[in-house]
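See structure below.
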Amino acid sequence: MHSHAVYSQPQHSHWDAVIIGTGAGGGAAGSKLASRGRRVLFLERGLLFSDRRAFQDEQAMLMELRAADDRMHDFDGVRKPPFTGGAAGGSTLLYGACLMRPAPSDFVPGEWYGDWIDPAIRRWPVEYEEFEPWFTEAEDLLQVAGDHSEKPPHIPRRPTDYPRVPMPLHPFNRRFRDHLIRSGLHPFQLPLGIDPDTCDKCPTCPGYICPTPARATSMNRCIEPAVHRHGAALWTGVEIAAVELNRRKIVAVHVKSGTHRVPVTRIAADHFILAAGAIGSPVFLMQHGLTGDNPMIGRNYMFHLGVLFTLTGFRSTGSGDTFVKQLGISDFYIHNGHKLGYIQQLPIPGPLTLRAELPGRLPVPVALLNAVIRRNVTFAGAVEDLPQPENRIMLKNGTITVHHRYHAYDLFRAKQMKRGFGQRIQFSTAGLGIGVVAGTEKRHVAHQVGTCRFGNDPKTSVLDRNCRVHHLDNLYIVDGAFMPTSLGVGPALTITANGLRVGAALAKQDGAASAAPAASTPCTGTAHLSRASITEDIH
């Protein structure tokens with residue numbers, strides 16, 4: 001179900017840029033550089049998936065976490081693998097592709113959090129207005145389907161039509177939207193990186209690998225075009241064994257295969273772009289002695305505080321039978337003088353997941369659980385998790401250690417969201433609803449950000465405004481680690497936009513585009529794939 005691609009030394013021995021990690025930020029930055037004629041090599045610890053339909057299996061995907069990072073982490077004393085993407089494409093293989101723009105207020109968090117946060121990050125080093133064109137380019141790149149005419153409260157809308165028109169609302173969602181409007185809210189159709197024309201309309205989505213190319217991923221929207229149109233190369237199943245450093249510059253990295261007996265290969269480049277995730281990137285710096293004694297590295301780890309709302313319908317809601325993740329609510333983004341976050345509809349992953357959440361894991365028959373799912377609708381609120389230096393990623397005796405506690409103000413705001421939206425769904429013509437604050441979640445680290453934040457002062461940040469590591473001249477970090485705060489929306493679009501922004505700045509810094517490189521030719525090795533076969537595996 002996996003395929004392994006390891007290439008020996010290509011025709012050229014020196015790259016313009018090496019991208020370490022293939023998630024949203026790495027894919028976008030590499031795509032931008034390759035499109036500008038740069039020689040780009042993507043390196044990925046995970047493998048390519050060769051059979052996506054086989055992974056529409058709840059036991060494999062959500063219970064056994066076969067597509068997740070296989071390394072055990074220590075989560076405050078509990079050893080578990082994280083529920084983050086561990087294959088080529090990173091977590092974009094598993095995300096729900098809800099691609100919302102953050103609000104301008106997200107870029108000035110000091111206006112809402114004041115003394116709750118470090119004075120150094122009360123304003124982001126880059127304003128919303130500078131990011132805005134990159135949001136548009138990211139939406140175009142990911143082929144987002146949405147309705148720009150809708151005006152959700154507190155958050156910006158795209159000024160022009162989205163690249164794709166969203167699929168029609170499910171009949172239950174049309175009725176429930178009308179109920180929300182009558183209750184005084186302003187629901188809108190979520191902007192999704194899902195092509196309605198090729199979508200199979202699976203009842204599940206997040207946590208599963210898409211059986212078609214419908215859902216936008218870093219692989220199918222960024223890396224595959226970079227390889228096939230612009231001469232980039234992709235190596236999977238490889239890890240960095242060593243880093244060559246000459247004062248303030250990385251000269252080369254040495255890579256090894258994690259699963260095959262392939263000799264360590266030296267890869268030289270002008271620039272290195274790290275995109276291993278908000279956990280993986282600081283760990284990489286620690287493993288290879290690249291921290292420069294900066295105490296900020298690994299600190300201020302954040303992921304959104306979830307508020308789950310479940311409504312049991314009086315009749316079928318469509319859950320369990322077809323795609324229902326369509327509605328969003330931003331009325332509580334700013335509410336009663338507090339900045340909370342957004343709410344989006346979610347599918348229920350499946351009966352096994354539902355049974356695992358029951359008290360005592362009661363052996364309820366799957367048929368009964370499926371009947372419950374068909375009468376259920378679920379929403380998830382994302383409350384912005386405040387940065388705290390004591391929430392951090394560490395490396396202890398070779399083990400990745402994650403420490404995280406939500407701030408008391410996070411929990412207060414989550415209760416505000418629970419109360420506000422819960423009152424709207426508690427009793428309705430559609431069914432009965434309840435809300436729960438997920439204040440103790442640790443392993444499902446969706447929306448992880450913050451561990452190598454950018455800023456103007458090396459004393460209070462890890463990266464400069466263009467995401468270059470302050471103490472190294474040619475190392476950049478473009479995953480969610482760069483973010484000083486966690487935003488009131490999911491970070492996927494912002495990470496993609498930032499990857500494009502950094503890639504463009506790096507290409508401009510290098511001057512006029514160089515000639516496109518010759519195609520890389522697979523040579524010796526225990527396994528190799530032609531470009532055509534990479535396309536087969538991706539699709």
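Here, each number is a calculation from the coordinates, and none is a lab measurement. Because the structure is a prediction, the values reported are computed rather than measured. FYI the Cβ positions are ideal-geometry reconstructions off the backbone, even for glycines, and counts take in every protein chain you see.
Before moving on, here are some points about what is shown:
- DSSP beta bridges in the chain [antiparallel fraction, %, rounded to 5]: 70 percent
- Peptides ranked, highest mean first, by Cβ atoms within 10 Å: ranges 87-100, 277-290, 112-125: 87-100, 277-290, 112-125
- Full extension of the chain between Arg355 and Arg123 gives 79.1 nm of extra length, using 0.36 nm per residue less the Cα-Cα distance.
- Segments 17-23, 37-43 sorted - mean Cβ within 10 Å per residue, highest first: 17-23, 37-43
- Residues of the range 377-409 with an amide N closer than 12 Å to a point placed 7 Å from the Cα of Arg174 along the Cα-to-Cβ direction: none.
- When the helices of the chain are scored as -39500 (n - 2.57) per DSSP H run of n ≥ 4 and the total is divided over every residue, the value at 222 nm lands at -6500 deg cm²/dmol.
- Scanning residues 5 or more positions from Gly207 or on other chains, those with amide H under 5 Å from its amide H are Tyr95, with H placed 1.01 Å from N in the peptide plane.
- 5 angstrom amide H check on Gln388, placed H, neighbours 5+ away: Asn300, Tyr301
- Our coupling estimate for the range 485-491, obtained by passing each phi through the Karplus curve with A = 6.51, B = -1.76, C = 1.60 and θ = phi - 60°, is 9, 9, 6, x, 10, x, x Hz, Gly and Pro reported as x.
- The chain: angle of helix 492-509 to the longest principal axis, Cα-based, in degrees nearest 10: 30 degrees
- Using a Förster distance of 35 Å, the FRET efficiency for His288-Asp161 (Cβ separation, nearest 0.05): 0.20
- Taking amide H as placed 1.01 Å from N in the peptide plane, the amide H of Leu274 sits under 5 Å from that of Ile20, Tyr476, Ile477, Val478, each at least 5 places away or on another chain.
- Computed packing ranks the peptides 394-400, 495-501 as 495-501, 394-400, most packed first, by mean other Cβ atoms within 10 Å.
- Normalised Debye scattering of the range 290-397 at q = 0.16, 0.21 Å⁻¹ gives log10 I(q)/I(0) of -0.86, -1.07, counting only Cα atoms as equal scatterers and leaving out solvent.
- With each label modelled as a point 7 angstrom along the Cα→C-beta vector, the Ala60-Asp76 pair spans 3.4 nm.
- J(HN,Hα) series, the range 417-422, from Karplus relation 6.51 cos²θ - 1.76 cosθ + 1.60, nearest Hz, glycine and proline x: 5, 4, 5, x, 7, x
- With θ taken as phi - 60° and the Karplus curve 6.51 cos²θ - 1.76 cosθ + 1.60 applied, the whole-hertz 3J(HN,Hα) list for the range 371-379 is 5, 5, 4, 5, 10, 10, 9, 10, 10 Hz, x standing for glycine and proline.
- Multiplying the residue separation of Leu245 and Thr312 by 0.36 nm and subtracting their alpha-carbon distance yields 18.3 nm.
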